[in-house]
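Take a look at the structure set out below.
The values are calculated or read from the model by the stated rules, or taken from the named source; none is laboratory data. All of these numbers come straight from a predicted model, not from anything done at the bench. Glycine also receives a Cβ, built like all others from the backbone with ideal geometry; neighbour counts cover every protein chain displayed. Calculation scope for accessible area: heavy atoms of the full protein, side chains included, ligands and nucleic acids excluded. Shrake-Rupley method; radii C 1.70, N 1.55, O 1.52, S 1.80 Å.
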Amino acid sequence: RLGSSMKLNLKPYQDEGVKFLLSRQWAGLFLDMGLGKTVISLTAISALMAEGHVKKALIVAPIRVLENVWPSEIAKWDTTRHLRFANLNGVKVTPTNPLPEADIYGINPESLKALIRNSSFVKVPMQLLVIDESSMFKNASSLRFRALSNVLYRYKYRWILTGTPAPNGLLDVWSQIYLLDRGAALGPNPSHFHKAFCVKSFDGYGWEVHESNKEVIYKAIAPLILRMSKDDCLVMPELIKNPIEVTLAKDDYAMYKTMEREFLVMLQSGEQVMSPNAAVAGMRCRQIANGGLYLPDGRPEHIHNAKVNALKEIVEELQGEPLLVFYEFVHDLERIRKVLGPVPSLSDGGGVKDIVDKFNAGKIPVLVAHGASAGYGLNLQGACSTACWMGVPWDLGMHDQANARVWRQGQEAKTVTVHYLMAKNTLDYHVFKVLARKDKDQQDLLGALQRIAIPDVESQSIL
């Protein structure tokens, strides 16, 4: 490797994380964003390899994390820079094009199925599986989960890493814990989990964990999980969540209410948009509240600028201080650029590092990103302490990960402010409440895991 490295001095809580991973074959780190899950894992991997317990490791992580976080962290520290990393995204492994020589291999969930079925890959001995952002596997019926669950037996050591293990409640936890212990704690399949811990949801179609069983679940998974929070480990700036009410014009609000009540609207262009069910109508109501709507053929139609005008006021109030703006729909981005000009977007693809460097240096006053594309692997707190959501997302995991781009370790401001543009008397307020309820459920889980004592990890080290 070229270049110099830094001497690694783990913080006490990071050292505790390393000891936890080395104390058991199956382990999960439920650490808040910014606490150093990657460097903790790399230190433990290096120790296992040095002692001969592990020869090669497979990391499953989002594309941006594999491209930026893991290779840069490996090269950064004196204790890990000897490790060879190979990103297998886009690499076709064949008998004539064998796996590149490396100690740690990386693959994203979308490419995982093809890789683990590849005969050339199967021949390479992999003893350790690390799933970075395990909440990507929260859906037990997804192809990615089913593909990975079938090959868990190949890996003697299995670790999961996430700061958002239950973005939609405790139902998200079963599949992630299964990736560790193959059903020992919470049952061998979702049906067993539902029967043991859940009741039918109010609508009769889904499941929800019965209140009396939550503590049972916490205790069942506690031996596998180390939970650490920012509040306990770091001095963090205050996080201020600021809903900003936006009033829609009379005609625009009438259009919103028609879609909400009748699942049908007639646009000024003459296009008629009909929703087949309440879920689709709800999604379209949120689009209208933001200012646009996708037509049946996929084209976006502009409706109003109420939220974009409110965003412009925020930009003017900041007077050049950097602002990070999150959007959900492509037509949001189009309206933002029509009002604010050609602001750079992390979702455009290409030149991301240059944009991030300039934004962190305070040279870009407004940076736009889709909540999902900016959710992992980016540090945007260099000069920015203010973010704004064009609407309120349903996905708590995406929401928290996106906010953590600026509310994280290294943020020098005393406060971080996150604005939410919310159309008055619309679904925006309902989604905001649902997001708060999801956050409470997740914090209940994380708080319980922190409360429940685990055995002393030093006395159980596998080294």
Order the following by accessible area, largest value first: I45, I452. Probe radius 1.4 Å; ligands, DNA and RNA are ignored. I452, I45
In the calculated pair distance distribution of segment 123-200, what percentage of Cα-Cα distances lie above 21 Å? 24
Answer with one residue from M283, T258, P223: the one whose Cα lies farthest towards the positive end of the charge dipole of segment 207-302, charges on Cβ with Lys, Arg +1 and Asp, Glu -1. P223
How far apart, in nanometres, would the label points at K257 and S269 be if each is projected 7 angstrom from Cα along the Cα-to-Cβ direction? 2.6
Ignoring ligands, DNA and RNA, what percent of the 1.4 Å accessible area of segment 27-130 is carbon and sulfur? 53
Which entries of K250/K307; K257/K440; K11/K438; K200/K424 have Cα-Cα distances beyond 22 Å here? K257/K440; K11/K438; K200/K424
Quick one: which residues, 5+ away or cross-chain, put their amide H under 5 Å from the amide H of I452? H built at 1.01 Å from N. none
A278 paired with A147, simple spin-label distance in nm, labels 7 Å along Cα-to-beta-carbon: 3.5
What value, in deg cm²/dmol to 500, does the helix sum -39500 (n - 2.57) over DSSP H runs of n ≥ 4 give at 222 nm once divided by the residues of the chain? -11000 deg cm²/dmol
Counting DSSP beta bridges with both partners in segment 1-146, what percentage is antiparallel, nearest 5? 10
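Order R335, R437, R299 by their accessible area, 1.4 angstrom probe, all chains in place, largest first.
Sorted descending by solvent-accessible area, the residues read R437, R299, R335.
Which loop-located trypsin sites (Lys or Arg not before Pro) does segment 347-390 contain, where loop means any DSSP state but H, G, I, E or B and the Cβ has at most 15 other Cβ atoms within 10 Å?
Values: sites: K353, K358, K363; in loops: K363.
Answer by residue number: K363.
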What is the chain's relative contact order, in percent, from Cα pairs under 8 angstrom and six or more apart in sequence? 18
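Where does the charge balance sit around I244 when Lys and Arg score +1, Asp and Glu -1, over other residues with C-beta under 10 Å from its C-beta?
It works out to a net charge of -1.
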Restricting to DSSP loop positions (anything but H, G, I, E, B) with no more than 13 other Cβ atoms inside 10 Å of their own Cβ, which GluC sites (Glu not before Pro) remain in segment 81-175? E101
For the chain, report the accessible area per residue in Å² (1.4 Å probe, heavy atoms, rounded to an integer). 45
Which of rounded, prolate or oblate describes segment 284-380 when judged by the alpha-carbon gyration tensor and an a/c cut-off of 1.5? oblate
Per-residue accessible area, 1.4 Å probe, largest first, puts E328, E316 in the order E316, E328
Using alpha-carbon coordinates alone, the radius of gyration and Dmax of the chain in Å work out to 23.3, 72
How large is ³J(HN,Hα) for each residue in segment 116-131, as worked out from phi by the Karplus curve 6.51 cos²θ - 1.76 cosθ + 1.60 (θ = phi - 60°), to whole Hz, x for Gly and Pro? 6, 8, 6, 4, 5, 6, 4, 6, 7, x, 10, 9, 10, 10, 10, 9
Spin-label proximity, T247 to segment 306-342 - amide N less than 15 Å from point 7 Å beyond Cα toward beta carbon: 306-307, 310
7 Å from Cα along Cα→Cβ at both Y294 and E51: what's the point-to-point distance in nm? 5.0
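Hey, what D do you get for segment 1-152 in µm²/s if you plug the Kirkwood alpha-carbon radius into Stokes-Einstein at 20 °C and 1.002 mPa s? Don't skip to the answer; put the middle values down first.
Details: Rh = 16.2 Å.
It comes out at roughly 132 µm²/s.
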Would you mind getting me the FRET efficiency between K433 and R182? Use the beta-carbon distance for r and R0 = 41 Å, nearest 0.05. 0.65
Rounded to the nearest percent, how much of the accessible area of segment 289-367 (1.4 Å probe, protein heavy atoms only) is carbon and sulfur? 51
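Within 10 Å, at most 13 other Cβ atoms, and a DSSP state outside H, G, I, E, B define an exposed site. Report the longest part of the chain free of exposed chymotrypsin sites (Phe, Trp or Tyr not before Pro).
Details: sites that count: F202, Y205.
For chymotrypsin sites (Phe, Trp or Tyr not before Pro) (loop position, at most 13 other Cβ atoms within 10 Å), the longest site-free span of the chain is 206-463.
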How high is the FRET efficiency between N118 and N139 when r is their beta carbon distance and R₀ equals 25 Å, given to the nearest 0.05? 0.55
For segment 175-263, what does the alpha-carbon gyration tensor say about shape, rounded, prolate or oblate, given a ≥ b ≥ c as the root eigenvalues, a/c under 1.5 as rounded, and a/b over b/c as prolate? oblate
Please work out how much accessible surface D439 shows to a 1.4 Å probe, ignoring ligands, DNA and RNA, in Å² rounded to 10. 40
Out of all DSSP beta bridges in the chain, what portion is antiparallel? Express it as a percent rounded to 5. 15
Please report, as a whole percent, how much of the solvent-accessible surface of segment 196-264 comes from carbon and sulfur atoms (probe radius 1.4 Å). 54
